[in-house]
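Written out below as structure tokens is the structure these notes cover.
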Amino acid sequence: MIVERDDSIAVVLLNRPKQLNALSDSLMDELVTALQELDRDDAVRCIVLGGSERAFAAGADIGELAQASAIQLYFARRVERWDAIRALWTPLVAAVSGFCLGGGCELAMSCDLIVASETAQFGQPETGLGIIPGAGGTQRLTRAVGKALAMDVILSGRFLSAREALAAGLVARVVAREAWLEEAKRVAREIASKGPVATRLAKEAVDRAYEAPLSLGLEYERRALYLAFASADAKEGLEAFTEKRKPEFGGR
């Protein structure tokens, strides 16, 4: 795995090229540790998670899965690693090129938004192996693209192109093949330039819309607004606007 810092953003790249970034237990442990360390760093205001031009991640490490029992998988708490990534405070942008399948698709969906190359292909082909998606695929894909398309992808094993994923609401932006990582970094810099307290609270509020009834989501949003308004960042942002200057957010 490759971890790079670029001012207020960090870039984490999966690096198992021969295995198309198959998500082994060791790789997922390493990834969660790296992301959690970056999440605790106040200087990092957005994280880009990517793979290679050929593959974001082609799925789980099938060799490992084939050797494991159900009890071993349960006690290893394998799928909880995806939950740990979803729980990060720092906004997380997935930079996807090429194959994004199975656990890799679930990993991308655990991020806050996806920037995809025009070459990207998304899928949950687990039923072809006699199993089902188990790290959120049946739930997050359905919420992102709707029941009919999720059923098609999961039951038939078909892949969604980048353009299909964009039209369905799974992907936020589609860019040229050569621009997938740079565009994700550009989006991350845009996010990092905003008030850190506000972006974290907004991220949590959007997640409530995704997970809770409207009434509870609205209640959470109002409380988050008051909390954001009490921050030093809000005072700085409002004053900078009235004074016609660029705000200098401190994340407090």
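Largest to smallest in accessible area, the residues Tyr226, Tyr220 fall in the order Tyr226, Tyr220 (1.4 Å probe, all protein chains included). How would you classify region 9-48 from its alpha-carbon gyration tensor, with a ≥ b ≥ c the square roots of the eigenvalues: rounded for a/c under 1.5, else prolate if a/b is greater than b/c, otherwise oblate? It is oblate, given that a/c is not under 1.5 and a/b is not larger than b/c.
Applying 0.36 nm per residue to the separation of Gln67 and Arg158 and subtracting their alpha-carbon distance, the gain on full extension is 30.1 nm. Summed over the residues of region 11-110 and divided among them, the accessible surface reaches 41 Å² per residue at a probe radius of 1.4 Å. In units of the compact-protein estimate 2.2 N^0.38 Å, region 176-252 shows a Cα radius of gyration of 1.34. Under the shape rule built on the C-alpha gyration tensor, where the axes satisfy a ≥ b ≥ c, region 1-120 is oblate, since a/c reaches at least 1.5 while a/b does not exceed b/c. Placing +1 on the Cβ of every Lys and Arg and -1 on the Cβ of every Asp and Glu, with nothing else charged, gives region 94-174 a dipole about its Cα centre of roughly 140 debye. Of all DSSP beta bridges confined to the chain, the antiparallel ones make up roughly 25%. Extension gain, Arg177 to Trp89, is 28.7 nm, computed as 0.36 nm per intervening residue step minus the present C-alpha separation. Bridges between two residues of region 1-103, per DSSP, are antiparallel at a rate of about 30%. Using a probe radius of 1.4 angstrom, the carbon and sulfur fraction of the accessible surface of the chain is 57%.
Going by the alpha-carbon gyration tensor, a ≥ b ≥ c the square roots of its eigenvalues, is region 67-191 rounded (a/c under 1.5) or, if a/c is not under 1.5, prolate (a/b greater than b/c) versus oblate? Because a/c hits 1.5 or more and a/b fails to exceed b/c, region 67-191 counts as oblate. Projecting the Cα atoms of Pro247, Pro213, Pro196 onto the charge dipole of region 190-252, computed from C-beta unit charges around the Cα centre, puts Pro247 farthest toward the positive end.
The values are calculated or read from the model by the stated rules, or taken from the named source; none is laboratory data. Just so we're clear, the structure is a prediction, and the values are computed from it rather than from any experiment. Note that we place each Cβ from the backbone using ideal geometry, even for glycine, and neighbour counts take in every protein chain shown. For accessibility, only protein heavy atoms count, side chains too; no ligands or nucleic acids. Shrake-Rupley method; radii C 1.70, N 1.55, O 1.52, S 1.80 Å.
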